[in-house]
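The values are calculated or read from the model by the stated rules, or taken from the named source; none is laboratory data. Remember, it's a predicted structure, so these values are computed and weren't measured experimentally. Virtual Cβ from ideal backbone geometry, glycine too; neighbours counted across all protein chains shown. Surface accessibility is based on the protein's heavy atoms, side chains included, excluding ligands, DNA and RNA. Shrake-Rupley method; radii C 1.70, N 1.55, O 1.52, S 1.80 Å.
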Number of protein chains: 4
Amino acid sequence: MTTTSANSGRPGTRGAGEGGGRRRGKGTPALASERREHLVKLAAELFAEKGFQATTVRNIAEEAGILSGSLYHHFDSKESIVDEILAGFFNEIMAAYQGVIDEGKNPRDTIADLVRIAFGTLEPHRAAITVMQNDWNYLKGMDRFAYLSKSEDEVEKMWVDTIKAGQAGGLFRDDIDPKLTYRMIRDTVWVAVRWFRPGGRLNAQGLADHYLKVMFDGINTH
Amino acid sequence: MTTTSANSGRPGTRGAGEGGGRRRGKGTPALASERREHLVKLAAELFAEKGFQATTVRNIAEEAGILSGSLYHHFDSKESIVDEILAGFFNEIMAAYQGVIDEGKNPRDTIADLVRIAFGTLEPHRAAITVMQNDWNYLKGMDRFAYLSKSEDEVEKMWVDTIKAGQAGGLFRDDIDPKLTYRMIRDTVWVAVRWFRPGGRLNAQGLADHYLKVMFDGINTH
Amino acid sequence: MTTTSANSGRPGTRGAGEGGGRRRGKGTPALASERREHLVKLAAELFAEKGFQATTVRNIAEEAGILSGSLYHHFDSKESIVDEILAGFFNEIMAAYQGVIDEGKNPRDTIADLVRIAFGTLEPHRAAITVMQNDWNYLKGMDRFAYLSKSEDEVEKMWVDTIKAGQAGGLFRDDIDPKLTYRMIRDTVWVAVRWFRPGGRLNAQGLADHYLKVMFDGINTH
Amino acid sequence: MTTTSANSGRPGTRGAGEGGGRRRGKGTPALASERREHLVKLAAELFAEKGFQATTVRNIAEEAGILSGSLYHHFDSKESIVDEILAGFFNEIMAAYQGVIDEGKNPRDTIADLVRIAFGTLEPHRAAITVMQNDWNYLKGMDRFAYLSKSEDEVEKMWVDTIKAGQAGGLFRDDIDPKLTYRMIRDTVWVAVRWFRPGGRLNAQGLADHYLKVMFDGINTH
DNA sequence: GATGAATGAGAATTCATTCAT
DNA sequence: GATGAATGAATTCTCATTCAT
């Protein structure tokens, strides 16, 4: 039984004590860290820069100063590396989203918080988000990554429900389509990873604020 | 005519006066057989569906019912196929944009028209836009596609100038960033290609209208 | 029955009225000329410049301003083109050699004449000789070109016999090896095609004279 | 040391301070496994026998008992193999030539030594010389092998200077052309690789002596 | 005579992965 | 943990040749 099956199930549920099915997991993943973590980070950078397919296992190994075969001491496969990258990101953002929802603020503040969280991941998870944006189409075709689609659906529900609540409460216009609106918000945020560079004119929160301004009140003068 | 000159240098549009190192190239692309046209279309679908890299030349040939080697009777390389796809799309949209600009309407109406044009390409150029979205990162690294970045810059200028004019004329809020706003609009439109399916609940113009509504006046009630 | 068999037999015997076995020979080869002759010449230039293998049928066709498939109206195959080139050269030189032998001059004058004839082909048969030098190794492996080796043997006999006669008659030193000496002369002449350019400092006969001087009397002062 | 600097820039001899874009290349070629060395030797034999172009990577791999892809563990490309072959030969012969020149003997003895060195490489470097003779025309067209032409020029200078010195010193006839004479010597030696077989009637030094005899004093009786 | 489309066999090369040491 | 050698399957591309029109 390979890692592939170990991964099925949402990232949100992977957390602590799995790893049993790991082929060469020394101890728990938690202890394996250090080196492994480092390799994942290197790989993430390369995947982000060149794309998953265009990045070879050799590229990663070279970056780490070892031979490509040696990578297989740490990972089952190239896929399992990108899996780790994406799962980590999904775990974190979904937990953060859920935290906001659980606070039970009013829909407008909730949406604002969600947007801020999303923009907030742009910097720390730049590589993962880039991979998600650019290689999603390719990865989603693999069984192994079916869980990504599932997670996406859960997230969509959180947002859409909040928007609907906002409409019901008279905070948001009635003549907008909740699902459509969610998608546009989502895409606008993530796609910013293509040009967003930390240290530029605006930081991630500046971006978020700018976007919230436009999204809530439009670009027209009133 | 701006568009025309912007095109010069693009392989996909070399047409008449070439002949040099090119291997193939009797007749201008304009006259190029329907066969060729057909093959480009097939390839576009595959590139859109599976990604440029993941689509093999064999895939394309099989789809056309010929052998992979036979494709090279029509095209120099896999790249030249995708080039033809993208150049066609860029040519068209830039001409359309320029047409709107040349009409000289007020900035708000101009932006609205630009948005409508962009959404309007979603259906007829779905494949090209998908490739542009998903494989941009990979393609932009190749000399051959440098012209895409250049065209992109030209387009950005059209939009940003219009937004600035709108601010100067009191139509648009002063506290939004023109460049940032352009990018968000642009990305929101193109990225919709990932989920937009003609024949769904909303057609492309419905999408455009919805988006204009949100973008101009925001999602808040007032 | 293909051309291949038609060619077996020495070039010297091909002469006028064969061609019966030709697959698409319109009339006799003699009449087919013009166009065909021209194509052979173009091909010869290309073979000489780039090598037989590296020259594609398309190269030749392009040079002639037609499509590659159209070449097959004139020739069976790429091989049959080079065959024609080499056979023509061999026919001519062997006839010339034989003419000299038949004159029955003394061995020293005979050798001198043979050398002059060989150098004399450098210009009119530059392409053929170049092909012979560069692609011999490749071509000799093909059944079709077995006749080249046979012709070579005949030629070798003419020279070696003459050298031996010269030794017997006291004209040439006894302590040189006739076969070895022949080979060195032969190679020295043909290999000159690599750098000999008509119109340079020395013409072909100047070259021949220089070589005869060195060969007969050495480079030492006496 | 002339030879050393002449070599700089040759891929085959890059040795120590590279590392840049190269894919492979731990360790200097000098340390390069015997495995690699062995593969180069196998390839050299095949190139010599069938020609560079006609030898496929599969041929080489089969000869080595591995799969063609596995060759790329050792070499970048087919070209880099032939490069290694030729560079090795050029390195050695140029060093040997330079050694003779540095001895400062009289021109006649120097020329004799150079000739003997050249013939002396016929056996140990048979394959490399054969490749050089047969595939030169093809290889010289590639940027990668530009250094071969340069080395050739350096060698020419050594010989021509020596011949001229011999003329100036009254050892060699004044009425021979130094450059022409050099070329004839050079070609006569190398082209012998086509028929020279170690173990035949004459060994390489026998050949050299025979040639020197003819070259110095001619084939005439005096 | 020529075109244009195609074939089919094979070319060099790439690359994730395996495994004995 | 790492190396070095290899696998094997796939990839893009080439090219002589065929043939209906």
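What are the residues in the range A:50-64 that are of a type outside the set (Val, Ile, Thr) and either in a helix (DSSP H, G or I) or near DNA strand F (Cβ under 7 Å from one of its atoms) (or both), if any?
Within the range A:50-64, the subset of a type outside the set (Val, Ile, Thr) is A:50-54, A:58-59, A:61-64.
Once the filter is applied, which keeps residues that are of a type outside the set (Val, Ile, Thr) and either in a helix (DSSP H, G or I) or near DNA strand F (Cβ under 7 Å from one of its atoms) (or both), the range A:50-64 yields A:LYS50, A:ARG58, A:ASN59, A:ALA61, A:GLU62, A:GLU63, A:ALA64.
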How about the range B:72-96: which of its residues are within 16 Å of DNA strand F (Cβ to nearest atom), acidic (Asp, Glu) and closer than 12 Å to B:ALA128 by Cα? B:ASP83, B:GLU84
Need the failing condition index for A:MET184 against (1) in contact with a Ser or Thr (Cβ under 9 Å, 6 or more places away or on another chain); (2) part of a helix (DSSP H, G or I); (3) farther than 17 Å from A:PHE119 by Cα, just the number. (3)
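Scan the range D:59-66 and tell me whether some residue there is crowded, with 16+ Cβ neighbours inside 10 Å and more than 19 Å from D:GLU34 (Cα to Cα). I'd like the intermediate steps shown before the answer.
Of the range D:59-66, the ones crowded, with 16+ Cβ neighbours inside 10 Å are D:59-61, D:64.
With more than 19 Å from D:GLU34 (Cα to Cα) added as a condition, the list becomes D:59.
Looking for residues that are crowded, with 16+ Cβ neighbours inside 10 Å and more than 19 Å from D:GLU34 (Cα to Cα), one finds at least one in the range D:59-66, hence yes.
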Within the range B:193-215, which residues are at the interface with chain A (Cβ under 7 Å from one of its Cβ atoms) and crowded, with 18+ Cβ neighbours inside 10 Å? B:HIS210, B:TYR211, B:VAL214, B:MET215
Can we say B:ASN137 is in a helix (DSSP H, G or I), crowded, with 18+ Cβ neighbours inside 10 Å and without any contact (Cβ under 8 Å) to a residue 12 or more places away in the chain? yes
When you scan the range D:60-77, do you find a residue that is within 14 Å of chain C (Cβ to nearest Cβ) and either within 14 Å of DNA strand E (Cβ to nearest atom) or within 23 Å of D:LEU122 (Cα to Cα) (or both), even just one? no
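Suppose we filter the range A:105-126 for residues that are of a type in the set (Asp, Glu), part of a helix (DSSP H, G or I) and out of contact with any Lys or Arg (no Cβ under 8 Å at 6 or more places or on another chain); how many remain? Spell out the reasoning first.
Let us first name the residues in the range A:105-126 that are of a type in the set (Asp, Glu), namely A:109, A:113, A:123.
Subsequent filtering for residues that are part of a helix (DSSP H, G or I) retains A:109, A:113.
With the extra rule that they be out of contact with any Lys or Arg (no Cβ under 8 Å at 6 or more places or on another chain), the set shrinks to A:109.
Total satisfying the criteria: 1.
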Between D:ILE117, D:ILE129, which is modelled with pLDDT of 95 or more and under 24 Å from D:ASP217 (Cα atoms)? D:ILE117
Among the residues of the range A:121-130, is any β-branched (Val, Ile, Thr) and buried (at least 21 other Cβ atoms within 10 Å of the Cβ)? yes
Residues of the range C:179-190 being facing chain D (nearest Cβ under 7 Å) and out of contact with any Phe, Trp or Tyr (no Cβ under 8 Å at 6 or more places or on another chain), which ones? C:LEU180, C:THR181, C:ASP187
Just to be sure before I move on: is B:THR110 more than 11 Å from chain A (Cβ to nearest Cβ), over 21 Å from B:GLY88 (Cβ atoms) and β-branched (Val, Ile, Thr) in the structure I sent? yes
Regarding the range B:149-158, can at least one residue be identified that is buried (at least 20 other Cβ atoms within 10 Å of the Cβ), more than 7 Å from chain A (Cβ to nearest Cβ) and over 24 Å from B:ASN134 (Cβ atoms)? no
For A:ASP175, state whether it is surrounded by 21 or more Cβ atoms within 10 Å (Cβ to Cβ) and of a type in the set (Asp, Glu). no
Flagged in the range C:34-50 as of a type in the set (Gly, Ala, Ser) and open to solvent by 30 Å² or more (accessible area, probe 1.4 Å), in numbering order, are none
Among the candidates B:ILE163, B:ILE176, B:ILE129, which residue alone is at the interface with chain A (Cβ under 9 Å from one of its Cβ atoms) and part of a helix (DSSP H, G or I)? B:ILE163
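With respect to B:ILE93, is the statement that it is over 21 Å from B:GLY206 (Cα atoms) and more than 16 Å from DNA strand E (Cβ to nearest atom) true? Don't jump to the end; show me each part of the working.
On the way: over 21 Å from B:GLY206 (Cα atoms): no; more than 16 Å from DNA strand E (Cβ to nearest atom): yes.
It is false that B:ILE93 is over 21 Å from B:GLY206 (Cα atoms) and more than 16 Å from DNA strand E (Cβ to nearest atom).
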